[in-house]
Amino acid sequence: MPVVIIAEKPSVAADVAKVLGVTSKQDTHWQSDKIWVTWAVGHLLELKTPEEYDESFKNWRGSIDKLPFIPEHFELKPITGRGSNRKQLTAIKKMITSKDCTEVVNACDAAREGELIFRYLLQLANINKEFDVRRMWMQSMTDDAIIEAWGQMRGDKEMLPLADAALCRSESDWLIGLNGTRALTAFNSRNGGFNVTTAGRVQTPTLC
């Protein structure tokens, strides 16, 4: 039964496949009888915007009285604009929901964003079966580092605090950034025009 390894980008997947002896290259993954190595392309998914929950938010001025908007459940959508995204997303979902898959390994970057990329993929797949989830924690991409990460994989329970931190950061940025941007834009456009005023963790210290 194959183990599905998800790397953050194609070059990393190629390095992991080479070190683990997976030599058959497919369009969306590397494959052997026991291991499939696939890849994201950075972030493949993002949180839906307010107007995708409630169409009244398409009118920024008209929806000001409904702020702050806090969804009951955050929903995901594919990131558009890159032609390969949809194909890769479909392939990853098919692999990890396959009856042949018994284990999924996160080989995304060893940081909070790498954890978020992986967790969003699992969330989108809406898996209704049990399998093992483990983590290859690679601080570098040397052959020795990959072999060490493969031989000393971390369990899912150990990674849950990092996953929670990643989800919290993403959702907090959404709540403050999107609500704040809409409120500030409405305020700065009150005398005419449409003066977009962005707010979020990148531009402001609000999340501090």
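The values are calculated or read from the model by the stated rules, or taken from the named source; none is laboratory data. Every value quoted in this text rests on a predicted model; they were computed, and no experiment measured them. Methodologically, a virtual Cβ is constructed for each residue, glycine included, from the backbone with ideal geometry; neighbour enumeration extends over all protein chains shown. Ligands, DNA and RNA are stripped out before the accessible areas are found, and what is left, the full protein with its side chains, is counted by its heavy atoms. Shrake-Rupley method; radii C 1.70, N 1.55, O 1.52, S 1.80 Å.
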* To do: Work out Dmax and Rg for region 1-66 from the C-alpha atoms and quote the Rg first, both in angstrom.
  => 20.1, 58
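Per the Cauchy relation, a quarter of the hull surface: what is the mean projected area of the convex hull of the alpha carbons in region 82-153, in nm²?
For the Cα atoms of region 82-153, the hull's average projected area reads 5.6 nm².
Can you give the net charge of the other residues whose Cβ lies under 11 Å from the Cβ of residue 66, counting K and R as +1 and D and E as -1?
Once positives and negatives cancel, what remains is -1.
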* Return one number: the angle in degrees, 0 to 90 and rounded to the nearest 10, between the long axis of the Cα atoms of helix 156-188 and the longest principal axis of the Cα atoms of the chain. => 20 degrees
* Debye, to nearest 20: dipole size of the chain, +1 on Lys, Arg Cβ, -1 on Asp, Glu Cβ -> 560 debye
* Structure fact -> Under a 1.4 Å probe, counting only protein heavy atoms, residue 90 has an accessible area in Å², nearest 10, of 90 Å²
* Structure fact -> Along the dipole axis of the chain (charges at Cβ: +1 for Lys and Arg, -1 for Asp and Glu; origin at the Cα centre), the most positive-end residue among 110, 44, 137 is 44
* To do: Taking the Cα centre of region 48-149 as origin, sum charge times position over the Cβ atoms of Lys and Arg (+1) and Asp and Glu (-1), and report the length of that vector in debye to the nearest 20.
  => 460 debye
* Asked: If you wrap a convex hull around the Cα atoms of region 1-124, how much volume per residue is inside, in Å³?
  -> 122 Å³
* **Helical contribution to [θ] at 222 nm, DSSP H n ≥ 4, -39,500 (n - 2.57), averaged over the chain, rounded to 500** => -13000 deg cm²/dmol
* Would you look at the GNM of the chain, springs on alpha carbons closer than 10 Å, and say which of 164, 156, 65 moves the most? => 65
* To do: Could you quote the convex hull projected area for region 59-208, Cα atoms only and averaged over all directions, in nm²?
  => 12.2 nm²
* Structure fact -> Measuring from the longest principal axis of the C-alpha atoms of the chain, the long axis of helix 112-125 (C-alpha) lies at a number of degrees, nearest 10, equal to 90 degrees
* Compute the acute angle (0 to 90°) between the alpha-carbon long axis of helix 10-19 and the principal axis of greatest extent of the alpha-carbon atoms of the chain; round to the nearest 10°. => 20 degrees
